[in-house]
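Participant: Have a look at this one before I ask anything.
The values are calculated or read from the model by the stated rules, or taken from the named source; none is laboratory data. Source: prediction; values computed, not measured. Here the Cβ positions follow ideal geometry from the backbone for every residue, glycine too, while neighbour counts run over all protein chains shown.
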Number of protein chains: 2
Amino acid sequence: MALAFWYEFASTYSYLAAMRVEEEGRSRGIEVEWRPFLLGPIFKRQGWESSPFEVYPLKGLYMWRDVERQCERYGLPFMRPEDFPQNGLLAARLAFIGCAEGWTPAFSSAVYQAEFGEGQDISRPELLAGILIDLVLDADALFARAGSAEVKAAFKAQGAEVERCGLFGTPSFVASDGEFFWGDDRMEQAFEWEARLG
Amino acid sequence: MALAFWYEFASTYSYLAAMRVEEEGRSRGIEVEWRPFLLGPIFKRQGWESSPFEVYPLKGLYMWRDVERQCERYGLPFMRPEDFPQNGLLAARLAFIGCAEGWTPAFSSAVYQAEFGEGQDISRPELLAGILIDLVLDADALFARAGSAEVKAAFKAQGAEVERCGLFGTPSFVASDGEFFWGDDRMEQAFEWEARLG
C-alpha cells in the first residue's frame, strides 16, 4: 500500500500537507511516495501566467488568512515570504533525485519549513545547499546532477503521468487504484481510501 | 450570535453546506442567517463567462467526483443534473424574499434537494412553484413579488455587502466580527469561530 503525494514547492497548501503527511502515513501503516513536480506548465495551459492566488487577488487575500488559520490549528509555524509564488525548480529537481535515495521527505520538509515557516527565499541555491549539508549529503554533487540533462529530462517526463492522473493543482493524493484527491483538506480521506484498498 | 451563510443555487458545494448548516447551527446554539446571492457578477469580474468548473475542465471533472464522494460521506442523495451550472436567479430572488419571513431554509433545502439530490432543473418556475406550495406559501403572489422592481433592486443591492466582505465564491460563512470562511470544508471552523465570539 502506498499513497502518492504530489506537491509543488511554491504551494502554501502543499506546505500544510507536507508537514503532516509522513506522520499520517506512519500512524496508518501506509507508505507515502513523495512526488515533487511543477504546477507552472499546468497553470499556463489554463491561461494563468502565475499562481491563481496572484491572478485572482480576492482569492489570494483569503488564502493567506486561511493558511495562517490552518497553521494555527495544526501547530505549524507560519511566516509569509516576501516573494510569492517562489521559484522552486531547483528544489524540485533536487527532491526528485532524492526520491530514489530516501531523503526526499526530510529535504522537502526542511525546504517548506524555510519557505513558509521562516519566510525565506527557497530559490537561493545557498539555502538549498545548507539543507542538503544538514542532511549530510554532498551538495556540490547533487547540484551537478540536478543540472544534468538526464535529471532534467526525467523530471520533465513526469508531466505525462501528471496528465494521465488528471492533476490540476497541489497537493494531490493518488491512491493505488488511481482515485485522486485534491487539497490539504482531503489528505485524511485519501489515506482512508488507500487503507480500504488494503 | 449569528453566522451568515452566503450561497448560490448553482453551486454544488453550497448544496453540501446547505443540507447540513441548520443542524450544525442548532447543535451549537448559533443562529444561521441564510444569504442567497449570485456568483455570476463576481465570476464575470474575474473574466469567467461560466462556472470555473466549466472554464477549467479538469477541475470540473474532479469536482463531480469529489461532490459524489462527499455526499456519500454525509449521507446526502446525489444525482448530477444534465445542465450545469443552472440558472438560479428566480430561486435566489424567492429565497431572498423568504429571509424576512422565515421560510428560506426550508425553501432553499428543497431547491437543492431537487437540483443535486434528484438532478432536476431548478430554473423551471413550475418546480419552484411546487416547492412554495408544499410549504403552504402563495406561489403566485411570491412570483409577482420576485419580479417586482423593489425586490430586484434590494436583491442586487446585496452586491455591495458581498464586496465589503471580500467574498469570491460559495459557500462562504461570515462571522459577526467579519472573519470569513470559504467552502463547505470550513463550515465547522466557521461555527467554532462564531462560538468563540460568544
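Participant: Listed residues A:R80, A:R93; which is among the charged types (D, E, K, R), more than 14 Å from chain B (Cβ to nearest Cβ), in contact (Cβ under 8 Å) with a residue 24 or more places away in the chain and within 30 Å of B:W193 (Cβ to Cβ)?
Facilitator: None of the others qualify; the one that does is A:R80.
Participant: Exactly one of these conditions fails for A:F107: (1) more than 14 Å from chain B (Cβ to nearest Cβ); (2) closer than 28 Å to B:L61 by Cβ. Give me its number.
Facilitator: That leaves (2) as the condition not met.
Participant: While we're on this one: Quick one: which of A:A160, A:A154, A:A144, A:A190 is touching a helix residue (DSSP H, G or I) at 6+ places or on another chain (Cβ under 8 Å) and farther than 16 Å from B:L61 by Cα?
Facilitator: After applying the criteria, what remains is A:A154.
One line per residue, one yes/no per condition, for (1) under 27 Å from B:E161 (Cβ atoms); (2) polar (S, T, N, Q):
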position	(1), (2)
B:Y74	no, no
B:N87	yes, yes
B:A92	yes, no
B:I97	yes, no
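Participant: If you scan the range B:178-197, which residues turn out to be out of contact with any Phe, Trp or Tyr (no Cβ under 8 Å at 6 or more places or on another chain) and more than 27 Å from B:C71 (Cβ to Cβ)?
Facilitator: Correct list: B:G178, B:R196, B:L197.
Participant: Tally time: how many residues in the range B:1-47 are among the β-branched types (V, I, T) and within 14 Å of another protein chain (Cβ to nearest Cβ)?
Facilitator: Qualifying residue count for the region: 1.
Participant: With respect to the numbered conditions (1) modelled with pLDDT under 95; (2) among the hydrophobic types (A, V, I, L, M, F, W, C); (3) surrounded by 14 or more Cβ atoms within 10 Å (Cβ to Cβ), which one is the sole condition not fulfilled by A:L142?
Facilitator: (1)
Participant: Looking only at residues that are acidic (D, E) and not in a helix (DSSP H, G or I) in the range B:157-198, which one is farthest from the other protein chains (Cβ to nearest Cβ)? Steps first, answer last, please.
Facilitator: So the first thing to find is which residues in the range B:157-198 are acidic (D, E), and the list is B:161, B:163, B:177, B:179, B:184-185, B:188, B:192, B:194.
Imposing the further condition that a residue be not in a helix (DSSP H, G or I) reduces the set to B:177, B:179.
On the way: B:D177: 13, B:E179: 8 Å.
My answer is B:D177.
Participant: What are the residues in the range A:48-64 that are aromatic (F, W, Y) and either facing chain B (nearest Cβ under 9 Å) or in contact with a His (Cβ under 8 Å, 6 or more places away or on another chain) (or both), if any?
Facilitator: The answer is A:Y56, A:Y62.
Participant: Continuing with the same structure: Go through the range A:115-134 and give me each residue that's assigned to a helix (DSSP H, G or I), surrounded by fewer than 21 Cβ atoms within 10 Å (Cβ to Cβ) and either within 16 Å of the chain's Cα centre (by Cα) or hydroxyl-bearing (S, T, Y) (or both).
Facilitator: A:G117
Participant: Only one of these conditions is not met by B:D185: (1) without any contact (Cβ under 8 Å) to a residue 24 or more places away in the chain; (2) surrounded by 17 or more Cβ atoms within 10 Å (Cβ to Cβ); (3) farther than 30 Å from A:R73 by Cα. Which number is it?
Facilitator: In the conditions (1) without any contact (Cβ under 8 Å) to a residue 24 or more places away in the chain; (2) surrounded by 17 or more Cβ atoms within 10 Å (Cβ to Cβ); (3) farther than 30 Å from A:R73 by Cα, B:D185 misses (3) alone.
Participant: Please enumerate the residues belonging to the range B:1-38 that are more than 17 Å from B:A95 (Cα to Cα), out of contact with any strand residue (DSSP E or B) (no Cβ under 7 Å at 6 or more places or on another chain) and not hydroxyl-bearing (S, T, Y).
Facilitator: B:L16, B:R20, B:E23, B:E24, B:R26, B:R28, B:G29
Participant: Find the residue count for the range A:145-182, including only residues that are closer than 23 Å to A:G25 by Cβ and surrounded by 14 or more Cβ atoms within 10 Å (Cβ to Cβ).
Facilitator: Count: 18.
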